[in-house]
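Read the structure below first, then the notes.
Every number in this text was worked out from the coordinates using simple rules, so none of it is lab data. Since the model is a prediction, treat every value here as computed from it, not as a measurement.
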Amino acid sequence: MTAARSPDDLTILPRDLHFDVATAKSGHWLDGDPVATAVMNSLSLTFPDGERLFMDAVRGYKDQLSGKLAQEAKDFIAQEAIHSREHVMLNKMIDRSKYPVEAIEAEIRERIAFARSRGPVGMLISTICLEHFTAMLADMFAQHDDLFKKTEPALRDLWRWHAMEETEHKAVAYDVFLIATKEWPAWRRYVRRCVAMLLISYFFPRNITTFASSMLVADGYTPEEAKKAVKRFLWKDPAFFGRGWKIWIQWFKPGFHPWDHDNRALMSEWQAEFNLVAAE
């Protein structure tokens, strides 16, 4: 088992914040950009059911945890519950008479049900892979902060807050995984997590592309135009997913730990800002 652990001075703080997302009803809420809005709405739609999976995956091993990790697991679950609540509110703002939200949510539920069917360890492995993706998103939000220059501040802050807290707790599920598989030989742990990451790295971006494209079709794009626009946004300009490859590839290093990429300094300004809001 790798000796790498989360930093001793790391604090995971659940901030019970509420965001006024009403302006998302206006349609293309992200700087008036239909493509960016479709991608972010698609991500948001995955969060409520996905985060409930993450919470249940970690909760399933709570009896094996002690000390600092036991408290971090509680704080992880609290943060994810609040994230889920706020994204449910954002998702309610999407015009369901225009966009295929119910069809997208049904597909998400089906995929989450499959992950749950793989049992506690399978759920946990899915969780650590997807948590690596959300941790990557935190860096990408920081890199692409200019995307939100004309966005309603409350909506911008929702995404910044979520990204920052995903950074705080990015290693909790992974540390639980190390405890849950402590009897496994290192090669088995490595193979299982790498195979899972390859599969999720194929399906997750493909799903977001499909969901966002279907929303753009509702906006009047042809299916071909929609898919091309989404792929360009994700991989070329501004390369919302594409810029994360250096973080993604670290996963395949033997002995990997999420805090090998220590980006606390990147998030410190956002932490200070939201800590003040939470204290009000």
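Need one word for the stretch 171-280: rounded, prolate or oblate. Basis is the Cα gyration tensor (sqrt eigenvalues a ≥ b ≥ c); a/c below 1.5 gives rounded, then a/b vs b/c decides. In terms of gyration-tensor shape, oblate.
Nearest 10 degrees, 0 to 90: what angle lies between the long axis of helix 223-235 and the longest principal axis of the chain (Cα atoms)? Once rounded, one gets 50 degrees.
The HN-Hα couplings worked out from phi for the stretch 186-199 by the Karplus form 6.51 cos²θ - 1.76 cosθ + 1.60 (θ = phi - 60°) are 4, 5, 5, 4, 5, 4, 4, 6, 6, 4, 4, 5, 4, 5 Hz, whole numbers, x standing for Gly and Pro. For the stretch 177-215 versus the stretch 1-71, the inter-centroid distance based on Cα atoms is 17 Å.
Compute the Cα gyration tensor for the stretch 221-261, then decide on rounded, prolate or oblate, letting a ≥ b ≥ c be the square roots of its eigenvalues: rounded whenever a/c is under 1.5, prolate when a/b is larger than b/c in the other cases, and oblate in all that remain.
Details: a/c = 5.14, a/b = 3.45, b/c = 1.49.
Prolate, since a/c reaches 1.5 and a/b exceeds b/c.
How tilted is helix 67-91 with respect to the longest principal axis of the chain? Cα atoms for both, answer in degrees (0 to 90, nearest 10). Once rounded, the angle reads 10 degrees. Less than 5 angstrom separates the built amide H of Thr151 from those of Asp31, all sequence-distant by 5 or more or on a different chain. Sequence-ordered 3J(HN,Hα) estimates for the stretch 258-267 from the Karplus curve with 6.51, -1.76 and 1.60 and θ = phi - 60° stand at x, 7, 4, 9, 8, 10, 4, 5, 4, 8 Hz, glycine and proline given as x.
The 3J(HN,Hα) values that the Karplus relation (6.51, -1.76, 1.60; θ = phi - 60°) gives for the stretch 147-156 are, in residue order, 4, 9, 5, 10, 8, 3, x, 5, 6, 4 Hz. Gly and Pro appear as x.
Remark on the stretch 30-275: hydrodynamic radius 18.6 angstrom, per the Kirkwood mean of 1/r across alpha carbon pairs.
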